[in-house]
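Encoded as structure tokens, the structure appears first; notes follow it.
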Amino acid sequence: MERIVSFVLNGSEMQLRIQDHWTLLHLLREELGLLGTKEGCGSGECGACTVLVDGMAVNSCLYLAAEIEGKTVLTIEGLALPDGTLHPIQEAFVEQGGIQCGFCSPGMILSAKALLDENPAAGEEEIKEAIAGNICRCTGYVQIIESIQSVSSRAQEKVKVVAWQADEED
Amino acid sequence: MNQFHTVGKRIPKLDAMDKATGRSQYIQDLKVPGMLYGKILYSKYPHAKIVHIDTSKAKKLPGVRGVLTGYDIPEIKFGVYKDNRPLKAGKVRSYRDEVAAVAAVDPETAEEAISLIEVTYEALPGIFDPVAAMREDAPLVHEAHKTNILKMPWKLHYGDVEEAKKKAAYIVEENFSTTWVTHCCLGASGALAWFDYADNLTIYSNTQIPSLAQKDFIDALDAMGMKNRRVRVIKPLIGGGFGSKLDTYAYEYIAILLAHHTRKPVKIVFDRQEEFIATSTRQPTLTRIAQGCDKEGKLLFRDISMILDNGAYTSWGATTPSVMMMPITTLYKVPNVRYEAKCVYTNNTYAQAMRGYGNPQATFAIESSMDMLAEAAGIDRVAFREINANESGYVSPQNFKITSCGLKECINAVVRELDMDRPKEKGEGVGMASLIHVGGGARVYKSDGCGTIIKVDDFGKVNVFTGASDMGQGADTVIAQIVAEELGLAVDDIHVIHTDTDVCPWDVGAHASRTTFVAGNSALGAAKKIKAQVLEVASKILDTPEDKLVLRDRSVCSMEDDTRTMEFGKLLRKAHFSRSGRMLMAEHFYDPANENLGRDFRGNLSMTYTFGVHGVRVKVDEETGKVKILDYVAAHDVGKAINPMLLEGQVYGGVMMGIGYALTEQILSEKGQCMNPNFRDYKILTAKDVVPMKAPVLESSDPDGPFGAKGIGEPGCVPTAPAIANAIYDAVGVRIKNLPMTPERVLAAIREKRGIDLCGIQAGKDTGDACVVEE
């Protein structure tokens, strides 16, 4: 069965004809060519396919595309500003060694964003909790946690979240 | 002391920006026009005759472009022992045996076609225990081999172990075992192959060994009747390696065969279950170790025998004894050493290289035994290690020549950073274990070399074509730092190309923690040649003697006259756009002066050796057996940290992989079948399992390493398990001898020590209740 869904993807309004059985991951990768969202397991266990739907981190491999009607989706491609300015979390991952092979990075970064949007000054335990569903085999998580902490520890400085969707909420 | 401008700096990985923004492309992301999707049908039995395969229904399915079985393909043999075929004919020997494959226009059609293939099997008795497989009446996995014991020569005896046993004041002897664990790369395996009009092959493959894979695929084309064809191996970004991509695999050959059969590009990418079932594991081991020392605590002998479950086919797992020999003969000073390992065919999965390459298994036995021997001799564990520690200048019985060596400094760092002597609460314990690993290449093949080509453009930018393979560890970044350092440039000026056998020189592969040392030295050699060329042209243009010129800040400067300075790009253009102009290019092939092991396994395998010591404080819950890590210190002598941030990343990642190996990870194999092929049931550690960790880095400045550096890719996971085992013993007085050290195992050992059986009944206090224990 087909249906038409309307949603906001990385700041742009979209209207698409989709198949009912498609996952959001399939829609993003195979139909829209947004390959930054990775598939690590296809069963919601590794978090590589994490995207934000209405600000919540979800496993797009388990999320039906039909469910995004009327919602706002952010993928890794939409996180940096159009001029290329990285989101502070992306910048921290780059600068602090939070990335090795990089396969988990898009999902990991978006899980971190979901956390910090809700709890900008998140502490170490909250960070570990928030990314517990994102598996990384390379880093041992240490520098990932440090990357996220380097942003959350500056929360009181009001480091502005630079991406478009944060401006909307101001 | 040299002042470096890029070496020693915490420089972000060159590809981190692309990876952080979703631009990076892995094999999963690649598509080419006309591409078909390949899918593999695996065996339903661990050991069975293939009676008949009916592919007619699959072939008729719309969208299917090709179906192949083992009966349709030429005799392509691969693997270390050449005992494996891409698609099996005659019989299957394990659940992961590839029986048929299809190529179709989309993944769903390929999947459906696979389900339509009907295979009739006749089950054969399987053999899953390597000890049982050694019996004469055991079913044969490979009939032509006549025995299940591989004819591999893993046997050495240096000095006289029997004589040393007579002299020893203290002797301990124990059995240890390790099981299957797997790499769990987040980016699963895959390959994309196609042929041009003249049957030249291009293959994108997740491989750590582009140059050796090229050779394997040339051999495959030969077997397919295509002689003298070109094979181009292109390595996309790899979503984790850890040794898993050190061999060529059935799926790569199947992609090639399907591409040739259909005359279309064919891509095969594993799903997660396939990645668990059909990729190779770390080599499981059964180890018997005896060690003895004199009254003063000096080691007199080490005597080890091992049985390795080879699985049904032979990949690098069977050769891990060659690396196990290193800690066995050379971790601490041991004058008399004996070692024998038997690899045995079974109907289980077959093993591969995995970070440490046998070293973690051997070190688990050695370092557990070291604590046992120290206790038997009544010597403090730390002092015992110091008494026997290697030093610079030491030559081991296997002829390993120790150059830079910071083992004692690492021991001290762990004692200090872990505060080992502080009072302990009940259930708390501390433990330590040391490691030695190759840090200056490892001469496994006739060549241990790596080539580099450097090309400088007109704008002061540098292309470095290296044989090295980056798979996330940061090889490209380290190479860029080395070249930038030598040429006075910034890392951003350097573009490292490491992906394509058509443009990159030969390299033996990303293994043995060799890339920084070997590819680094290769890049340094090429950069020195470029530097010489720059100085030669600059000397003329700036009218200054070469020895008065220096390369810094993207310029060539006179040391004596500030006005005689020229920006690098401008200099290059002046050199290029003139009569008899020239472009600056250089190549350098570096092959370390290490040695192949001889027939007696003697030989200085590596130019230098990396040492390290791990220390851990645990708390053991005596009611549940759960082990909690309170503190972890991993000290390594790395020679020189070219990039401390990336180096720490290797150590942290290695330690966490090692903790998983020690405590939680195992492939549960039931009569050859993987029972937990997913992340839910295979217990890889998550962020919530991260332990407080320190990674002190000691820099002994290796005389042969690039800027003094030694390899550090693998060591992080080598001594983790024995350090934890020793801490558990210190905490609750039980010695865990089998990995992983699950709560069940620890609790059983605690209860056994207390004289409580598995039903919770204490010996001598018969309650009259029946105790039924199900195995």
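Here are the numbers:
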{"item": "Integer Hz, Karplus 6.51/-1.76/1.60 couplings in order for region B:456-471, x for Gly and Pro", "result": "10, 8, 7, 10, x, 9, 10, 9, 10, 9, 10, x, 4, 10, 8, 10"}
{"item": "Dipole moment magnitude, nearest 20 debye, the protein assembly as shown about Cα centre, only Lys, Arg, Asp, Glu C-beta charged", "result": "2520"}
{"item": "Surface/4 of the Cα convex hull for the protein assembly as shown, nm²", "result": "44.3"}
{"item": "Exposure proxy order (Cβ contacts within 10 Å, fewest to most) of B:TRP154, B:TRP316", "result": "B:TRP154, B:TRP316"}
{"item": "For B:VAL67, net neighbour charge (Lys/Arg +1, Asp/Glu -1) across residues whose Cβ lies under 11 Å away", "result": "+3"}
{"item": "Under 19 Å from the Cα of B:LYS166 - aspartates and glutamates, other chains or at least 8 residues apart", "result": "B:GLU174, B:ASP294, B:GLU296, B:ASP303"}
{"item": "Net dipole in debye of region A:88-163 [+1 Lys, Arg Cβ; -1 Asp, Glu Cβ; about Cα centre; nearest 20]", "result": "180"}
{"item": "Beta bridges by DSSP in chain A, antiparallel share as percent, to the nearest 5", "result": "90"}
{"item": "Distance between region B:543-621 and region B:690-739 - C-alpha centres, whole angstrom", "result": "30"}
{"item": "Nearest-20 debye value, chain B charge dipole, Cβ charges on Lys, Arg, Asp, Glu", "result": "1100"}
{"item": "Lysines with Cα under 20 Å of B:LYS31, excluding same-chain neighbours fewer than 8 positions away", "result": "A:LYS38, B:LYS19, B:LYS39, B:LYS235, B:LYS264, B:LYS267"}
{"item": "Among A:ALA114, A:ALA155, A:ALA122, residue whose mean-square fluctuation peaks in a GNM of chain A (springs only between Cα atoms under 10 Å)", "result": "A:ALA155"}
{"item": "All lysines inside 22 Å of B:LYS710 as judged from Cα atoms, apart from same-chain residues fewer than 8 positions distant", "result": "B:LYS9, B:LYS13, B:LYS333, B:LYS401, B:LYS408, B:LYS446, B:LYS528, B:LYS640, B:LYS694"}
{"item": "For region B:461-588, share of DSSP beta bridges that run antiparallel, in % to the nearest 5", "result": "65"}
{"item": "Antiparallel DSSP beta bridges within chain B, percent to nearest 5", "result": "80"}
{"item": "Listed peptides B:638-646, B:508-516 by packing density, highest first (mean Cβ within 10 Å)", "result": "B:508-516, B:638-646"}
{"item": "Chain B: mean projected area of Cα convex hull, nm²", "result": "37.8"}
{"item": "Residue mean of other protein chain beta carbons inside 10 Å, B:309-316", "result": "0"}
{"item": "Global size of chain A as Cα Rg and Dmax, reported in angstrom", "result": "15.5, 50"}
{"item": "Average partner coverage of B:680-691, which counts Cβ from other chains inside 10 Å", "result": "6"}
{"item": "Centre separation in Å (Cα based) which lies between region A:1-38 and region B:291-311", "result": "60"}
{"item": "Taking the convex hull of Cα positions in region B:1-41, its mean projected area over all directions (nm²)", "result": "6.4"}
{"item": "10 Å Cβ neighbours from other chains, averaged over peptide B:233-240", "result": "3"}
{"item": "Diffusion constant of region B:226-299 at 10 °C, which comes from Stokes-Einstein with the Kirkwood Cα-pair radius and 1.306 mPa s, µm²/s", "result": "94"}
{"item": "Chain B - mean residue ellipticity at 222 nm from DSSP helices (-39,500 (n - 2.57) per run, n ≥ 4, rounded to 500)", "result": "-8000 deg cm²/dmol"}
{"item": "Trypsin sites (Lys or Arg not before Pro) within region B:403-497: DSSP coil, no more than 15 neighbouring Cβ in 10 Å", "result": "B:LYS424, B:LYS426, B:LYS446"}
{"item": "Cα-based shape type of region B:85-161, given that a ≥ b ≥ c are square roots of the gyration tensor eigenvalues and the cut on a/c is 1.5", "result": "prolate"}
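Each reported figure results from applying straightforward, stated rules to the coordinates on display, with no laboratory input. Here the structure is a predicted model, which means the values were calculated and not measured. Using ideal geometry, Cβ is built from the backbone for each residue, glycine included, and neighbour counts are taken over all protein chains shown.
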